[in-house]
1. Taking residue 159, is it touching a helix residue (DSSP H, G or I) at 6+ places or on another chain (Cβ under 6 Å), part of a helix (DSSP H, G or I) and surrounded by 13 or more Cβ atoms within 10 Å (Cβ to Cβ)?
2. Residues to consider are 82, 90, 150; find the one that is loosely packed, with under 15 Cβ neighbours inside 10 Å and under 30 Å from residue 69 (Cα atoms).
3. Look at residue 114 and say whether it is touching a helix residue (DSSP H, G or I) at 6+ places or on another chain (Cβ under 8 Å) and free of Cβ contacts under 8 Å to residues at least 40 places away in the same chain.
4. Tell me which residues, restricted to segment 27-52, are surrounded by 16 or more Cβ atoms within 10 Å (Cβ to Cβ) and in a loop (DSSP other than H, G, I, E, B).
5. Contact list please: Cβ distance under 8 Å, first residue in segment 135-162 and within 24 Å of residue 249 (Cβ to Cβ), second residue surrounded by fewer than 12 Cβ atoms within 10 Å (Cβ to Cβ), pairs at least six apart or on different chains.
6. Among 179, 204, 168, which is the only one that is farther than 25 Å from residue 81 by Cα, in contact with a helix residue (DSSP H, G or I) (Cβ under 8 Å, 6 or more places away or on another chain) and at pLDDT 95 or above?
7. Check whether at least one residue in segment 17-28 is free of Cβ contacts under 8 Å to residues at least 40 places away in the same chain and touching a helix residue (DSSP H, G or I) at 6+ places or on another chain (Cβ under 9 Å), and report yes or no.
8. If you go through segment 183-193 one residue at a time, do you hit one that is buried (at least 20 other Cβ atoms within 10 Å of the Cβ), within 22 Å of residue 57 (Cα to Cα), at pLDDT below 95 and in the same structural domain as residue 38 (by TED's automatic domain parsing)?
């Protein structure tokens, strides 16, 4: 039996929630603990571990979540607990041939990415900073709005983007942003959406404030058959704005899913008054 006696009332309400839920929690209020206990509660309710998908942003956080759950339950489980991008990569490699790639797809690093862009800019003989174009291409892939100074600049960006994507596909490679760019492409194909999403009954998201626009679009498609989406976030700790993270997605989640909002306010790190 899961021991919830050490939780305060708000934490307990979140752990036991059966509805779509947004837990708003600042640092030190036990949000990661609530998330892991909620997953353990689902398992205790006889939910198949293979139908639970928990997402976070770093391998370290995913490993910590896996270890915490194993400690609580006494053994490791078969749930998908990973970063968004690791999950996307596994799906993309499974269906690579349907988006014009071979399995396995290689992922390039930032230096390679910049080198390819420099070559394309030189080849096209256009005047545009390679670092700027790299950011604009990332914005396009993350569905992040951006501002240009002229129509000419926008056309140059789109031309470089087209050439860049063609070159990557030709050598069976992707950059980091491509993982979600092509994941969305796959999920927008109805047949694959059903194949990928039909087994996902419960979705848990840590650090929800860092979900960017395209990741949120992917979540909406993955949740098509889900019984519950459970998100935990703190809008004051949004750290991935350079990748297009948008805490407004948390508000949209509440409206779209008619989700219950639970606010964790009791801080367990600061035990003394601060003057």
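The values are calculated or read from the model by the stated rules, or taken from the named source; none is laboratory data. No experiment lies behind these values; they were computed from the predicted model shown. Here the Cβ is made from the backbone with ideal geometry for all residues, glycine too, and neighbour counts use every protein chain on show.
1. no
2. That would be 90, the only listed residue that is loosely packed, with under 15 Cβ neighbours inside 10 Å and under 30 Å from residue 69 (Cα atoms).
3. So residue 114 fits the description; yes.
4. Across segment 27-52, the qualifying residues are 29, 30, 47.
5. What qualifies is 139/145.
6. 168
7. Looking for residues that are free of Cβ contacts under 8 Å to residues at least 40 places away in the same chain and touching a helix residue (DSSP H, G or I) at 6+ places or on another chain (Cβ under 9 Å), one finds none in segment 17-28, hence no.
8. So far as segment 183-193 goes, no, none of its residues is buried (at least 20 other Cβ atoms within 10 Å of the Cβ), within 22 Å of residue 57 (Cα to Cα), at pLDDT below 95 and in the same structural domain as residue 38 (by TED's automatic domain parsing).
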